[in-house]
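Heads up, the thing below is written out as structure tokens.
The values are calculated or read from the model by the stated rules, or taken from the named source; none is laboratory data. The model shown is predicted, which means the values in this text are computed figures rather than measured ones. Don't worry about glycine lacking a Cβ; one is built from the backbone with ideal geometry, like all the others, and counts go over all protein chains shown. Quick note on the areas: whole protein, heavy atoms, side chains included, nothing else; ligands and nucleic acids left out. Shrake-Rupley method; radii C 1.70, N 1.55, O 1.52, S 1.80 Å.
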Amino acid sequence: MTSAMSEAGDVSAAVLDVRGVVKTYRGNPARANDGIDLDVHAGEVFGLLGPNGAGKSTLVRQLAGLTRPDSGRITLFGHDLAGGGATAASYVAYLAQDEPALDELPVRLAVETTARLRGLARAQARSATTTLLDELDLGPVAARPVGRLSGGQRRLACVAAALAADRPMLLLDEPTTGLDPVARRSVWAAIDRRRAERGTTVVLVTHNVIEAELVLDRVAILDRGRVIACDTPGRLKARVSDDVRLDLVWRRTPPAHDPTVAALQPRAHIDGLRWSIRLEAAAAREALGRLMTGATLDALDDFTLATATLEDVYLALGGRDDDMEKE
Amino acid sequence: MSGTATASTRATTAPGARPGAVAAFAAVYAGQLARAKVARGPLLFVASLQSLGILLLLRGVVHNDPPRTTSAIVAGSTVLVVAFVALNLLAQRFGALKANRALDYYGALPVSAAPVVLGTAASYATFTIPGALLTCVVGVAMYGLSFAQVWLVVPVVIASGIALSGLGAAIGLLAPRAEFATVLGQLAMTAVLFLGVIPPTHLPGAARVAREVVPSMTAVDVLAAGLRGTPSWWGVGWRLAVTVAWGLLGLVLASRAFRRACAR
């Protein structure tokens, strides 16, 4: 270990450095990762945001040492991951999108086994497991097999296994998918506690834009295997701050002859009777005012006017998919 | 998150602990044992029942045969319990782990392949001891053999468990699809059944040659000799050592296959 990797480091240091990473899967000519560059600093909560198929999970599997890039370099805490997965396993606690290996184990044993496999002695692992189950309120289901829990509880048990035994980096692939709001809060609290107390660096995958805005220090937006933007959520949103999203829900097909409807239609993302249009704030107010009169008012069932989200940033930057979660 | 990281924050950058091979084996073994307790009871019952059924079936066709024949039948049926679990179930288990990407869990942990394969195999083999003992005792009583060396069933089950579970794990990990793993495991178990249960003197020439390369057959011979009441202890030791050596070879193969499957 070099001196730079001593017990503690300054937050300004990049602990993860990804340069020119390309990854293609056999039988699929499209590149899952197509020249990814990014760096993550110590103690940071860094997000990978993008629609399904953007290459987030492929990148994360490479960061976890589970697969190697076709070309490019990944440096983790000063170590080149080309050396194999053993380096990543020493630094990273990885939560996959699914953990079928744990399905038949009781929750307590799943967490304890993971802690032991991360190097804790049996007694330490047992004590750490008890603390972790209390922290995530998993005590009542501790004796039940992971695979027989509800989707949310199952995910929570897998999060507990990922948090078992300290690692300097948490690599979490959609950690809160399927969780109810209470469980979601307890997961974020547990992650934040580790960052505050131990300076743990967190890299997480999400396609939930609202969550991303709330929890991330910085975010890289991925589209078709490339990073199309990387900054703080606030600065990214500032790029499209003049825009708002006008969502319209129609009772019936809107009158096509109406000039406002005719003007909005080409710019709208249409899903049945739901229209979603990004406009400058003044133009949106004006359009809404016109829609609130005459024949269009009869056809209009509901509307919302919202400020820009990271999804709008994604679309403004040329993102072509529109399937990111907004709840 | 509550606040962006500030320059005053000190971040942990030291690598986490790694378990030793023995600790990793113990953790995997304990976890898989608990898992097997829940899921494998009925299958182990079937494994024992299968062997008891074969004993009963052959009792109907074997009349006034010498102990060399009957001891081979009982020893082969006993080791068949191990083969069912080590080849059939373990090949299925590893085939399924590979197919649904469950190996990622182990691949992202700081453990090498050998303790994971060995721990899983050992947990499966542990469950075969009661069934193998029951089969052996019933067979000895049924065929009028000597009870004096029935204890040999314990080292025989352990040695053949090691020998066959490495092979079973390798089959599961090397098969391109989970369905193939199941079929190959089943075929391997069938081979152990025929070559183990039918006394070597009754086998045709080609099958006798094949019998020599099936890892568990030396263990079958050890138990058969013990059930006749006059084993050569040097022979017992040597044959069990050969069985374990086969097993180590299988485990090395399985460990390599595991690493390969993890690094897909």
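Relative to the dominant Cα principal axis of chain B, helix B:128-143 is inclined by about 0°. Counted over region A:151-301, the DSSP beta bridges are approximately 75% antiparallel. Taken one residue at a time, the phi angles of region A:305-310 give Karplus couplings (6.51, -1.76, 1.60, θ = phi - 60°) of 10, 10, 6, 5, 10, 5 Hz. Gly and Pro are set to x. Ranking B:154, A:182 from most to least accessible surface, computed with a 1.4 Å probe over the protein chains only, gives A:182, B:154.
Chain A packed on chain B takes about 4100 Å² of accessible surface away from a 1.4 Å probe, both sides summed.
What the Kirkwood sum gives for the protein assembly as shown is a hydrodynamic radius of 27.2 Å, with every pair of different alpha carbons counted. Restricting the calculation to alpha carbons of region A:27-86 gives Rg and Dmax of 12.1, 38 angstrom. When the charge dipole of the protein assembly as shown is built from unit charges on Cβ atoms (+1 for Lys and Arg, -1 for Asp and Glu) and taken about the Cα centre, the candidate among B:53, A:43, B:30 whose Cα reaches farthest toward its positive end is B:53. With a cut-off of 15 Å between beta carbons, the residues surrounding residue B:180 carry a summed charge of +2, where Lys and Arg count +1 and Asp and Glu -1. Ranked from largest to smallest solvent-accessible area, with a 1.4 Å probe on the protein heavy atoms, A:307, A:113, B:126 come out as A:307, B:126, A:113. The 3J(HN,Hα) values that the Karplus relation (6.51, -1.76, 1.60; θ = phi - 60°) gives for region B:109-116 are, in residue order, 10, x, 10, 7, 5, 4, x, 5 Hz. Gly and Pro appear as x.
Rounded to the nearest Hz, the phi-derived 3J(HN,Hα) couplings of region B:212-219 under the Karplus curve 6.51 cos²θ - 1.76 cosθ + 1.60 (θ = phi - 60°) are 5, 9, 8, x, 8, 5, 5, 5, where x marks glycine and proline. On the basis of the beta-carbon distance and an R0 of 22 Å, residue A:269 and residue A:28 show a calculated FRET efficiency of 0.20.
In region B:89-114, burial by the other protein chains removes 40 Å² or more of accessible area from B:101, B:104, B:105, B:108, B:109, B:110, compared with the chain on its own (1.4 Å probe, ligands and nucleic acids ignored). DSSP beta bridges fully contained in the protein assembly as shown are about 70 percent antiparallel.
Note on chain B: dipole from Cβ charges, positive end direction compared against B:232, B:185, B:73; the farthest Cα belongs to B:185.
Rg/Rh, computed from the Cα trace of chain A with Rh as the Kirkwood radius, has the value 1.05. Each of B:132, B:14, A:90 was scored by the projection of its Cα onto the charge dipole of the protein assembly as shown, and the greatest displacement toward the positive side belongs to B:132; charges sit on the C-beta of Lys, Arg, Asp and Glu.
Largest to smallest in accessible area, the residues B:189, B:142 fall in the order B:142, B:189 (1.4 Å probe, all protein chains included).
Length gained on full extension, residue B:210 to residue B:230: 4.6 nm, using 0.36 nm per residue less the C-alpha separation. Here the dipole of chain B is about 620 debye; that uses its Cα centre as origin and unit charges on the Cβ of Lys and Arg (positive) and Asp and Glu (negative). With all projection directions averaged, the alpha carbon convex hull of region A:71-158 covers 6.9 nm².
Note on region A:162-312: with neighbouring protein chains present and a 1.4 Å probe, carbon and sulfur make up 52 percent of its accessible heavy-atom surface. The charge dipole of chain A, taken about the Cα centre with unit charges on the Cβ atoms of Lys, Arg (+1) and Asp, Glu (-1), comes to about 760 debye, rounded to the nearest 20. Spread over its residues, the convex hull of the C-alpha atoms of region B:111-207 is 131 Å³ per residue. Note on chain B: with a GNM built from Cα contacts shorter than 10 Å, the maximum mean-square fluctuation among B:141, B:181, B:121 falls on B:141.
Its Cα gyration tensor gives region B:174-241 an equivalent ellipsoid, and the semi-axes of that ellipsoid, as √(5λ) in whole Å with the largest first, are 28, 14, 10. A Förster radius of 56 Å combined with the Cβ-Cβ distance from residue B:65 to residue B:21 puts the calculated FRET efficiency at roughly 0.75. In region A:105-138, burial by the other protein chains removes 50 Å² or more of accessible area from A:116, A:117, compared with the chain on its own (1.4 Å probe, ligands and nucleic acids ignored). Charged neighbours of residue A:239, selected by a Cβ distance under 11 Å, balance to -2 (K, R count +1; D, E count -1). Charge tally for residue B:120 (other residues, Cβ to Cβ under 10 Å; Lys, Arg +1; Asp, Glu -1): +2.
Note on residue A:311: accessible area is roughly 0 Å² with a 1.4 Å probe, heavy atoms of protein only. Dipole check for the protein assembly as shown: with +1 at the C-beta of Lys and Arg, -1 at the C-beta of Asp and Glu, and the Cα centre as origin, the magnitude is about 2200 Debye. Once the Cα atoms are used to define both axes, helix A:107-117 deviates from the longest principal axis of chain A by about 60 degrees. Near the amide H of residue A:41, within less than 5 Å, lie the amide hydrogens of A:15, all on another chain or at least 5 residues away, with H placed in the peptide plane.
In the context of the full set of protein chains, the protein assembly as shown has a per residue accessible area of 42 Å² (1.4 Å probe).
The helix-only estimate of mean residue ellipticity at 222 nm for chain A, built from DSSP H runs of length n ≥ 4 each weighted as -39500 (n - 2.57), is -10000 deg cm²/dmol after division by the residue total.
What FRET efficiency, computed as 1/(1 + (r/R0)^6) with R0 = 30 Å and r the Cβ-Cβ distance, is obtained for residue A:130 and residue A:196, rounded to the nearest 0.05? That gives a FRET efficiency of 0.90. Can you tell me the 0 to 90 degree angle between the C-alpha axis of helix B:233-262 and the longest principal axis of chain B, rounded to 10? The answer is roughly 30 degrees.
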